Amino acid sequence: LVGRCQVLAAVEVFFEDPTGVLEITGTPGTGRSTMLQTAGRIADARRWKVLRSGADPSFSLSPLYTVRQLLIQVLSMGNKSPTLEELRVRVASSGLSSEDTHALVGLFRPNRALQVEDTLVHYEELMASAIRAVESFIQDNGPLCVLLDDATDYDGGSLDFARRLCAAADGTNLK
């Protein structure tokens, strides 16, 4: 419990500090997820919008699972993958371009995960569009706190997105 008090104090300071990223580490069973939930409550109390995502619960390392789950929230799609038309409407209503729709459609193709034939160029476009979607969400909704749980279990693409999101975190509007 002493360690938790220190982490809780660090979380409180985190929201007062311009630092953009806080990592809560520890061995399994030490309460990391509970502390992340507490961070979410603190962010919510400070009127930050809070979005959550974690690793693929099936442990199958579905490509870009975490990215897909965050974008479902960012684009206000409920708990489902959208049809192409729903994606176009959501992307347009978020102020993103048709190019962003084209880049993001790979995340939501029914019955098809991203494959090796999906080029590096497309991957980079997808990542850039996903970051733009988060930035657009912030413009429309105010400060955003993204809580990423169990990152050690993420697939490579989701880890890459998490790193890019951390690099974009300015501490003022994105934590």
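The values are calculated or read from the model by the stated rules, or taken from the named source; none is laboratory data. Keep in mind the model is a prediction, meaning the values are calculated, not measured. Neighbour counts run over all protein chains shown; Cβ positions are idealised from the backbone, glycine included. SASA here: full protein model, heavy atoms, side chains in, ligands and nucleic acids out. Shrake-Rupley method; radii C 1.70, N 1.55, O 1.52, S 1.80 Å.
Could you please let me know if D140 is open to solvent by 80 Å² or more (accessible area, probe 1.4 Å), closer than 30 Å to M35 by Cβ, in contact with a Ser or Thr (Cβ under 8 Å, 6 or more places away or on another chain) and modelled with pLDDT of 90 or more? Yes; evaluated as a whole, the condition is true for this residue. Reported count of residues in the stretch 135-150, each being under 13 Å from the mean Cα position of the chain (by Cα), of a type in the set (D, E) and part of a helix (DSSP H, G or I), is 1.
Please work out if T83 is within 24 Å of S136 (Cα to Cα) and open to solvent by less than 60 Å² (accessible area, probe 1.4 Å). Give the steps one after another, and end with the answer.
Numbers: within 24 Å of S136 (Cα to Cα): yes; open to solvent by less than 60 Å² (accessible area, probe 1.4 Å): no.
Against the criterion (within 24 Å of S136 (Cα to Cα) and open to solvent by less than 60 Å² (accessible area, probe 1.4 Å)), T83 does not qualify.
The residues in the stretch 59-75 that are open to solvent by 20 Å² or more (accessible area, probe 1.4 Å) and touching a Phe, Trp or Tyr at 6+ places or on another chain (Cβ under 9 Å) can be counted, and the count is 4. The number of residues in the stretch 3-32 being within 28 Å of D140 (Cα to Cα), open to solvent by 40 Å² or more (accessible area, probe 1.4 Å), in contact (Cβ under 8 Å) with a residue 40 or more places away in the chain and of a type outside the set (A, V, I, L, M, F, W, C) comes to 3.
For the stretch 15-46, a residue qualifies if it is over 22 Å from D153 (Cα atoms), in a helix (DSSP H, G or I) and modelled with pLDDT of 85 or more, and the qualifying residues are R41, I42, A43, D44, A45. Is it the case, given these coordinates, that S98 is among the hydroxyl-bearing types (S, T, Y) and touching a strand residue (DSSP E or B) at 6+ places or on another chain (Cβ under 7 Å)? No: the conditions fail for S98.
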